[in-house]
2 protein chains.
Amino acid sequence: MKVGNQHFRTIWCDKTQMTVSFIDQTQLPFVFDVKQVSHYIDIVNAIASMQVRGAPLIGVAAAFGIALAVKEQCSDDFISKVAQTLIASRPTAVNLQWGVTRMLNTLLPLPTSLRLAAAWLEAEQMADEDVKQNQQIAINGLSLLKKLKVTKEKLNKADEPLNILTHCNAGWLATVDVGTALAPIYAAHDAGINVHVWVDETRPRNQGLLTAWELEQHGVPHTVIVDNAGGHLMQQGLVDCCIVGADRIAKNNDVCNKIGTYLKALAANDNGVPFYVAAPSNTFDLSIENGDMIDIENRHVNELSDIKGFDEEFTARVIKINRSSRMLNPAFDVTPASLITHFITEESVL
Amino acid sequence: MKVGNQHFRTIWCDKTQMTVSFIDQTQLPFVFDVKQVSHYIDIVNAIASMQVRGAPLIGVAAAFGIALAVKEQCSDDFISKVAQTLIASRPTAVNLQWGVTRMLNTLLPLPTSLRLAAAWLEAEQMADEDVKQNQQIAINGLSLLKKLKVTKEKLNKADEPLNILTHCNAGWLATVDVGTALAPIYAAHDAGINVHVWVDETRPRNQGLLTAWELEQHGVPHTVIVDNAGGHLMQQGLVDCCIVGADRIAKNNDVCNKIGTYLKALAANDNGVPFYVAAPSNTFDLSIENGDMIDIENRHVNELSDIKGFDEEFTARVIKINRSSRMLNPAFDVTPASLITHFITEESVL
């Protein structure tokens, strides 16, 4: 996707120099900074500190981490040790385990002399596959948005934009490129459909600001709102559909996603607004019967108490809530399957 | 209510010195500061800058503003001019108009020689009436909480606290004393009932931090959460009831309250959690048929983009959202009557 007028992925490599570059997302939306690293430990730190974030992206980042490790040593022992370190850098993310495991399965059967070239090839291929998968999600989601546009035209609202509400960041920053929930929105915009996105702030980590930033870079009209406002906007008829991503989808189609998704699904249901979940098909976890069985991570309360922002000249952190207050910070919630209108995957619209 | 171990109202006067004192709420929860003022213009500024806030409180503050004005001049012209300035200090608040009108109705029929003493007497009486009304809301709401406690005991959950979720600040800081939504909670705590309050952060103005502060001062156990988390907690069975205040209640019982109230009412309904609205009976506006007719105020987007917090040594403001982003900041929403279990007023439980 575009930053300024230049095309960027969130992560890429230089196979000749054997370096990996990525956009440092901890500084967005205030500072756009690209980090170039040469050692696997830099990837471990980038994942742990959330310089790279988003389930699909950190899976690919971990693969590049393995490639950097193989540059140093290509023994089974060393690669396996690095694999464990990478997985531990953010233990709750399923994709991290997936990315590392795929690299191990590719490299360990090979003779050590072939591992270096194979590692870079495999990591790069994983990045490319993520992009292709998301492009397919874009195409499948676009068909739904086109139908909504036709409905709107029949209601003599052809001049109004198609208003889409999203929660959290499931854009290209959460993937290698294109995004999941935002993929159909970019596709619609590029197809000349007049779209406008309501961007939930997404407390406590404010990922909505990443969403606003990437929409702005791509020229997609959007408006930032507090998480509290979405229900009111739906009551006012100002939302044509919701599209969100997913962290895990149970066998019965209950969706685990960023905390607050459930409230938006309730409001959509109450106001007859379609509620779409866009995610690659590997997000469906058939080993989990229903949402009740998903363990919801409580994250550090500093995410709630402290705010990072821009203080005229530099990025500053202020304490917004007395640290003496007891706080609770559940990171995800479960949206019952009954509240979801469609799933958009790279394979189909379910 | 208590600050430290000392009893405070949010506003009070010294009739001998003819001064008015109030807690400066713009500095809470980080700094507790009492301002003492002698001129009506200081009250105008305090209301406009939200040093005093909350519908019941600003009505009484305006009454004290008139009393300070009469100290300077007691002519019809001057009093009426000051009345207009006070009403304009926050044009959307109904109680402000109510407080000023009541003072004018009391003072203007009197000979000028009697106006000064009458002004201070009337303003003080309005403050006292607010407190008495809220004490009655406390008693009426307590009866509901006692019933919930009995239900919990029958389910062998006598050892668990009664978990109450509230949105925004409808505590004693929003009134002269005691509060509205928090009044029954304080009453339950003082009656020895084991209560615990889930405090919504309440973006964008973060009034939840005022709620947390006053609960902490009074020793009521509580936990601050982001607005996104309430639905998830209800799904987990961790909320026994919700209590919120109200800004206006239509003839059909639709409730206009702080933005985000509607989403919590939907989640309460979806999870069988009682949803109570606590408000003085003058909040019922019989001139409004239903919630659709209530005009929702869009406030300045700087409330969304900028955050005020504590920067180790001093209170600081950071820009959290690029000011170049388009933002929308609706301040209230409407909760349909069908989602409300009970109204708690000073007159009864409806």
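The values are calculated or read from the model by the stated rules, or taken from the named source; none is laboratory data. For clarity, every value in this text was computed on a predicted model and none was experimentally measured. Note that we place each Cβ from the backbone using ideal geometry, even for glycine, and neighbour counts take in every protein chain shown. The protein model used for the area step is the full one, side chains on, heavy atoms only, and it has no ligands, DNA or RNA in it. Shrake-Rupley method; radii C 1.70, N 1.55, O 1.52, S 1.80 Å.
If the viscosity is 1.567 mPa s and the temperature 4 °C, what Stokes-Einstein diffusion coefficient in µm²/s follows for region B:51-131 when Rh is the Kirkwood radius over Cα pairs?
The diffusion coefficient I find is 106 µm²/s.
Out of the total accessible area of region A:76-181 (probe 1.4 Å, heavy atoms of protein only), what percent is carbon and sulfur?
Carbon and sulfur together cover 56 percent of it.
Just in region B:268-350: which GluC sites (Glu not before Pro) are loop by DSSP and have at most 10 other Cβ atoms within 10 Å?
Answer in residue order: B:Glu312, B:Glu313.
In sequence order, what are the phi-derived ³J(HN,Hα) couplings for region B:327-332 according to the Karplus relation 6.51 cos²θ - 1.76 cosθ + 1.60 with θ = phi - 60°, rounded to whole Hz, with x for glycine and proline?
Listing the rounded values in order: 9, 10, 9, x, 8, 9 Hz.
Just the number, please: percent antiparallel of the DSSP beta bridges in chain A, rounded to the nearest 5.
Close to 55 percent.
Just how much of B:Asp247 is accessible, in Å², when a 1.4 Å probe is used and the result is rounded to the nearest 10?
For B:Asp247, solvent-accessible area is about 60 Å².
To the nearest 10 square angstrom, what accessible area does A:Ser113 show with a 1.4 Å probe?
100 Å²
If B:Ser143, A:Ser89 are ordered by their accessible area, calculated over protein heavy atoms with a 1.4 Å probe, which sequence runs from highest to lowest?
B:Ser143, A:Ser89
Taking a ≥ b ≥ c as the square roots of the eigenvalues of the Cα gyration tensor of the protein assembly as shown, is the shape rounded (a/c under 1.5), prolate (a/b larger than b/c) or oblate?
prolate
Let me understand region B:189-319 better: what is its radius of gyration from the alpha carbons, and its Dmax, in angstrom?
Cα radius of gyration and Dmax of region B:189-319 are 16.7, 51 Å respectively.
Would region B:159-252 count as rounded, prolate or oblate if I go by the C-alpha gyration tensor, calling it rounded below 1.5 in a/c and otherwise prolate when a/b exceeds b/c, oblate otherwise?
rounded
Quick check for region B:75-189: number of Lys pairs with alpha-carbon distance under 29 Å, counting only pairs 8 or more apart or on different chains?
Value for region B:75-189: 7.
Quick check: from the Cα gyration tensor, does region B:300-343 come out rounded (a/c under 1.5), prolate or oblate?
Since a/c reaches 1.5 but b/c is at least a/b, the shape of region B:300-343 is classed as oblate.
Rounded to the nearest 10 degrees, what's the angle between the helix B:76-89 long axis and the longest principal axis of chain B, both from Cα atoms, 0 to 90?
Between helix and principal axis, roughly 30 degrees.
What angle do you read, to the nearest 10 degrees and between 0 and 90, between the alpha-carbon axis of helix A:208-218 and the longest principal axis of chain A?
90 degrees
Explain nothing, just compute: Karplus ³J(HN,Hα) = 6.51 cos²θ - 1.76 cosθ + 1.60, θ = phi - 60°, for every residue of region B:294-301 in order, whole Hz, x for Gly and Pro.
7, 7, 8, 6, 8, 8, 4, 6
Give me, ordered by chain and number, the residues 5 or more places off B:Phe310 or on other chains with an amide H under 5 Å from its own placed amide H.
A:Ile319, A:Lys320, B:Ala316
Provide the buried accessible surface between chains B and A in square angstrom, both chains summed, 1.4 Å probe, rounded to the nearest 100.
Counting protein atoms only, the buried area is about 4800 Å².
Need the C-alpha centroid separation for region A:235-263 versus region A:141-175, integer Å.
Each part reduced to its Cα centre gives a spacing of 15 Å.
Using amide H atoms built 1.01 Å from N in the peptide plane, name the residues 5+ places from A:Glu347, or on other chains, whose amide H lies under 5 Å from its own.
A:Ser281
Can you give me the angle between helix A:94-107 and the longest principal axis of chain A, using Cα atoms only, in degrees from 0 to 90, rounded to the nearest 10?
With both axes taken from Cα atoms, the answer is about 30 degrees.
Using DSSP to call loops (not H, G, I, E or B), can you name the trypsin sites (Lys or Arg not before Pro) in region A:244-296 whose Cβ has at most 12 other Cβ atoms within 10 angstrom?
none
For region A:13-60, what % of the accessible area comes from carbon and sulfur atoms, probe 1.4 Å?
47 percent
Skipping prolines and chain starts, which residues have an amide H placed within reach, meaning under 5 Å, of the one on A:Val195, given they are 5 or more residues away or on another chain?
Distant-sequence amide H within range of A:Val195: A:Leu162.
How much mean residue ellipticity at 222 nm does chain A get from its helices, if each DSSP H run of length 4 or more adds -39500 (n - 2.57) and you divide by all residues, to the nearest 500 deg cm²/dmol?
-12500 deg cm²/dmol
Given chain B, what whole percent of its Cα pairs are spread farther than 38 Å?
Counting every Cα pair in chain B, those more than 38 Å apart make up 16 percent.
Run the 1.4 Å probe and let me know the accessible area of B:Arg317, rounded to the nearest 10 Å².
Probe radius 1.4 Å; accessible area of B:Arg317 about 130 Å².
Normalised by the number of residues in chain B, what is the relative contact order in percent for Cα pairs under 8 Å and 6+ residues apart?
Answer for chain B is 15 percent.
Where both partners of a DSSP beta bridge lie in the protein assembly as shown, what percent of those bridges are antiparallel, to the nearest 5?
55 percent
Given a 1.4 angstrom probe, what's the average accessible area per residue across region A:196-347, in square angstrom?
Per residue, region A:196-347 has 33 Å² of solvent-accessible surface.
Among the listed pairs A:Lys15/A:Lys71; A:Lys15/A:Lys35; A:Lys258/B:Lys308, give every one whose C-alpha distance is greater than 20 Å.
From the list (A:Lys15/A:Lys71; A:Lys15/A:Lys35; A:Lys258/B:Lys308), the Cα-Cα distance tops 20 Å for A:Lys258/B:Lys308.
Take B:Lys251 and A:Gln73, extend 7 Å from each Cα along the Cα→Cβ direction, and tell me the distance between the two endpoints in nm.
8.2 nm
Rounded to the nearest whole Å³, what is the per residue volume of the convex hull around the Cα atoms of region A:253-328?
Cα-based convex hull of region A:253-328, divided per residue, equals 187 Å³.
From the backbone phi of region B:197-205, what are the Karplus-calculated ³J(HN,Hα) couplings (6.51 cos²θ - 1.76 cosθ + 1.60, θ = phi - 60°) in whole Hz, Gly and Pro given as x?
My calculation for region B:197-205 gives 10, 7, 9, 5, 4, 6, 5, x, 8 Hz in order.
Near B:Tyr186, within a Cβ-to-Cβ distance under 13 Å, what is the net charge of the other residues, with Lys and Arg +1 and Asp and Glu -1?
-3
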